[in-house]
1. Going by how many other beta carbons lie within 10 Å of each one, how would you line up ASP50, ASP154, fewest first?
2. So between ARG189 and ALA142, what do we pick up on full extension, going 0.36 nm a residue minus the alpha carbon distance?
3. Take GLN285 and GLU121, extend 7 Å from each Cα along the Cα→Cβ direction, and tell me the distance between the two endpoints in nm.
4. How much length is gained on full extension from ASP154 to ALA199, taking 0.36 nm per residue of separation minus their Cα-Cα distance?
5. Under a point spin-label approximation (7 Å from Cα along Cα-to-Cβ), what is the ALA132-SER257 distance to one decimal in nm?
6. Along the positive direction of the dipole of the stretch 55-194 (beta-carbon charges: Lys, Arg +1; Asp, Glu -1; about the Cα centre), which of THR117, GLN59, THR187 reaches farthest?
7. Listed here are the pairs LYS82/LYS185; LYS56/LYS197; LYS82/LYS191; LYS53/LYS131; LYS102/LYS185; which of them are more than 32 Å apart at the Cα?
8. Mind ranking 175-186, 195-206, 95-106 by how tightly packed they are, going by the mean number of other C-beta atoms within 10 angstrom, highest first?
Amino acid sequence: MSKRQIPVRHSSLWIFPLALVMNTALPRVANAEEDPSAQETAAARALAVDGLKLAKAGQCREAVDKLERAEKIRHSAMVLAKLGECYVSTGKLVQGTEALRKMLREPLPPDASAALTQAYEHAPALIQEAKASIAGITITLAGGDSGKVTLTVDGTEVPATVLGVELPVDPGEHVVEVTGAAYLKSTNRAKLAAGEKQAIQIELKPNPEAALQAKAADEPPVAPGPRADSAGSGSRSRFPSRPPIDSGAQPVANSGSGKTLAFISYGVGALGIGAGVLFGRSAMQDKDVLDGQCPNKVCPPEQQDRLNSAKTKGIVATAGFGVGAAGIVLGTILLATGGSSSSSSAAASAAPPTRTLFRPRAAIGFNSVQIGADF
């Protein structure tokens, strides 16, 4: 829907040069040391000059920002008049007419310039012309307490006192929203043409969660029942009391988990022994080669790498046999004790060192590798 544009007459406000207008619009700055607000006044004058130039060129959308900031820093009837005209020109009819009315409530200064005098004379006609295009909505609530809700129109909060009263708005689409702790959020949209009046009724629906929370807050706390061991009460608990827990008792592990650990230990032992056998055989093969290459048990320099490799394999074989023997011994203990964690710990701590049961050994010389074990 196209908005009706209110034409703004610029010619009547620009009879005199812009410099003369601004000299009467804002007070002069004589000296920064004499006037503590000199910097603010200078900033307001600069913004006002830029805004008035843009407005004179018909660029009201760009001029509004500068005019608003200038008016906020230092009030000027001339700036307020041009700001009101730009508001109306850009479709902000409510803001524009209110700005012009605010200017008219101020008495015209006795030494007012011709431009400011003509702005005062032109404002009533512009207000009357824009007023015919201002739309209006009347908001009412049903099914709730208006004092417990927040009302917003286009995201701006408005007081509850506007309920049931026509609220002036610009032509176009508007969003009315009602929120409250005790009610569900309600939203209504209204699209109004120029000068159109419309009534909007919003139904307040209770929030179930808020009702449950309020009910829970009002209920008194439940008193605890009598204790079974209360002295002189003579009452007994509905449930039998639990026997005291002996803090010194040690938990007994599940026998199934003990067997699982035993099998894992056997697997580790088998892998260790397998690794010992594999590296042992490889070391023996290297020994056979060295016997042929090292006459009189003296190896030439080119066979030094093979000799070192044979020694390393012998050490790895010894370690593999040790790990394998430990895994088999531990698995046997776990399986024999039925999986008790305390028994397995005691057996593990009381068991003699692994080397007394099965002690692998490897002897590697410059021209020999020997692998064996003691039981």
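1. Working: ASP50 17, ASP154 13.
Arranged by neighbour count, lowest to highest, ASP50, ASP154 become ASP154, ASP50.
2. Details: separation 47, 0.36 × 47 = 16.92 nm, distance 1.67 nm.
Result: 15.2 nm gained on full extension.
3. Using points 7 Å along Cα→Cβ, the separation is 11.9 nm.
4. On the way: separation 45, 0.36 × 45 = 16.20 nm, distance 1.61 nm.
Taking 0.36 nm per residue and subtracting the Cα distance, the gain is 14.6 nm.
5. So the label points at ALA132 and SER257 sit 9.2 nm apart.
6. Ranked along the dipole, the leading option is GLN59.
7. Working: LYS82/LYS185 40 Å; LYS56/LYS197 34 Å; LYS82/LYS191 29 Å; LYS53/LYS131 27 Å; LYS102/LYS185 36 Å.
As for pairs spanning more than 32 Å Cα to Cα, those are LYS82/LYS185; LYS56/LYS197; LYS102/LYS185.
8. Sorting 175-186, 195-206, 95-106 by mean packing, highest first, produces 95-106, 175-186, 195-206.
Only the coordinates and a few stated rules stand behind these numbers; no lab work does. Predicted model, so just to flag it, every value in this text is computed and none were measured. So basically every Cβ, Gly included, is an ideal-geometry build from the backbone, and we count neighbours across all protein chains shown.
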